[in-house]
C-alpha cells in the first residue's frame with residue numbers, strides 16, 4: 001500500500017472490575033492502547049472511574065508520549081475507557097480527542113468511538129434546532145447529544161443507546177463508561193470489530209483480540225452485530241438491536257481489517273488475520289502466476305501474502321526491501337513531493353538479494369501508488385532485471401465512509417484508471433490483483449459476511465448525503 005494514504009481507523013478499549021477492587025484500570029487501558037497503536041497514532045486518551053467520578057487524560061501523540069508513569073499513578077480506579085485515534089478529514093484539534101465526556105441530569109458519562117455516522121450532518125442540524133450546542137465537528141459529539149437527550153426519557157443507559165441506534169446510520173463500535181457500568185456497542189452490520197475478554201474479575205472490551213493478549217485477558221467472544229453489552233458488579237447482560245439469532249449471518253465485517261488494518265496476531269469474527277493474509281497470497285499465486293526468481297513482500301503488511309504466494313507457487317521467498325521505522329508516515333506529508341521524499345528515507349534495498357534477478361513483489365494494496373512506484377524504481381536501480389507486482393486485494397475503486405480516512409475517488413490509483421494504466425504508472429513489468437471472491441474466501445472460519453465497499457461500491461450502511469454525487473460507478 002502507498003503508506004499511508006489509506007489511513008487507519010481508531011482503536012477502543014474498556015475495562016471494568018466487577019468486584020470493584022482493581023485500582024490500576026488506567027494501567028490496563030494503557031497496555032491495551034499500546035497494543036492498538038497501529039489503529040491510530042494521532043492522539044490517545046484514557047478516562048477512569050474514580051469512586052463514581054470520571055477523570056480523563058488525553059493529548060496528541062503516541063501512547064508512550066501521552067502517558068507518563070506519574071500520570072498513570074494518579075489515575076486510580078476500577079474501570080476505564082480508552083482510545084487511540086486517527087482523525088477523519090473533518091476532525092482536528094484537541095477538542096476532537098477521545099474519550100469524550102458529558103455530564104447530564106442522569107450522571108457522568110465517557111465514550112470512546114470507532115467508525116463513522118453517515119447521517120451525522122442531518123442529526124446535528126436537527127439537534128441544533130432543538131437547542132443542542134456543539135464544540136467540534138466529530139461524530140461522537142452527535143452520539144453524546146443523542147444519548148443525553150434519550151436518557152431523560154428512559155430508565156437505563158441501555159434503552160437510551162437502543163433509541164440512539166434507531167436514529168443513526170453507519171459503522172461503529174464504542175465503549176461507554178457510566179459511574180457504575182461499562183457498555184459496549186457494535187453497529188447492526190458489525191462493520192467495525194469489538195471483542196470481549198476476561199481476566200479474573202475484570203472484563204475487557206477492545207477493537208482487536210491482540211489488546212486482550214496484551215493485558216493477559218482470555219478472549220470470550222466477539223460482540224455480535226447490533227449488540228449492546230453491559231458489564232457491572234451484577235455481571236454481564238446484553239440487549240440486541242437486531243435479532244440475536246441472525247446477527248452474525250447478516251453481519252458485514254470490514255474486509256480491510258484482514259487486508260491491512262488489524263494486527264496479524266488478532267482473531268476477528270472467528271478468522272485469523274495472519275492466516276487470511278497467508279491464504280490470500282496462496283490464492284493470488286493460483287490466479288496470477290509469474291515466471292520469476294524471487295518473491296518478496298512490501299514491508300510490513302505484504303509479507304504474509306508474499307510468503308503465501310511463495311509457498312503455493314514453489315518460488316523462493318526472500319527479503320529485498322528494508323523499512324526505517326523511525327521515519328514519519330507518507331500520508332501526513334502536505335504535498336506529493338514531500339511524500340516522495342519521505343518514501344526515499346523510509347525504504348532501502350538489499351542490493352545483493354535482487355541483483356540480476358526477476359523480482360515479484362507482493363503488497364496488500366495500492367492506493368495512490370507513490371510508495372509502490374518508488375520501491376519498484378529502487379529495485380531496478382539495485383539491479384533487478386524485472387519487477388512484477390502482485391496485490392493481495394482487488395483494485396481500490398471507492399472511498400470509505402465508515403471510519404477510514406481515504407482519498408477522494410479521483411485520487412485512488414484504480415478509481416478512474418485501468419489495471420494497465422496503473423501498471424504503467426508504477427513502472428511494473430506486470431500487475432495483477434487478487435479477485436474479490438478470492439479475498440473473501442481467504443477468511444476461513446469467519447462467522448459473518450464482509451463489507452467490501454472500497455472494492456465493489458455497495459456501501460451497505462449508506463453514504464453521507466453530501467457524498468452521493470461524488471461516487472462514480474466503475475465497470476471493468
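The values are calculated or read from the model by the stated rules, or taken from the named source; none is laboratory data. Every value quoted in this text rests on a predicted model; they were computed, and no experiment measured them. For neighbour counting, all protein chains shown are included, and Cβ atoms are generated from backbone atoms with ideal geometry for every residue, glycine included.
Check whether at least one residue in the stretch 269-279 is in the same structural domain as residue 444 (by TED's automatic domain parsing), free of Cβ contacts under 8 Å to residues at least 24 places away in the same chain and not in a strand (DSSP E or B), and report yes or no.
Taking every residue of the stretch 269-279 in turn, at least one turns out to be in the same structural domain as residue 444 (by TED's automatic domain parsing), free of Cβ contacts under 8 Å to residues at least 24 places away in the same chain and not in a strand (DSSP E or B).
Any chance you could count how many residues in the stretch 34-54 are farther than 18 Å from residue 115 by Cβ, touching a strand residue (DSSP E or B) at 6+ places or on another chain (Cβ under 7 Å) and outside any strand (DSSP E or B)?
1
So which residues in the stretch 345-374 are part of a helix (DSSP H, G or I) and in contact with a helix residue (DSSP H, G or I) (Cβ under 8 Å, 6 or more places away or on another chain), if there are any at all?
Correct list: 346, 354, 370, 371, 372, 373, 374.
Take the stretch 135-187 and flag every residue that is surrounded by fewer than 24 Cβ atoms within 10 Å (Cβ to Cβ), in a loop (DSSP other than H, G, I, E, B), under 25 Å from the mean Cα position of the chain (by Cα) and modelled with pLDDT of 95 or more.
Residues satisfying the conditions are 168, 169.
Among residues belonging to the stretch 225-240 that are in contact with a strand residue (DSSP E or B) (Cβ under 7 Å, 6 or more places away or on another chain) and part of a loop (DSSP other than H, G, I, E, B), point out the one that is surrounded by the fewest Cβ atoms within 10 Å (Cβ to Cβ).
226
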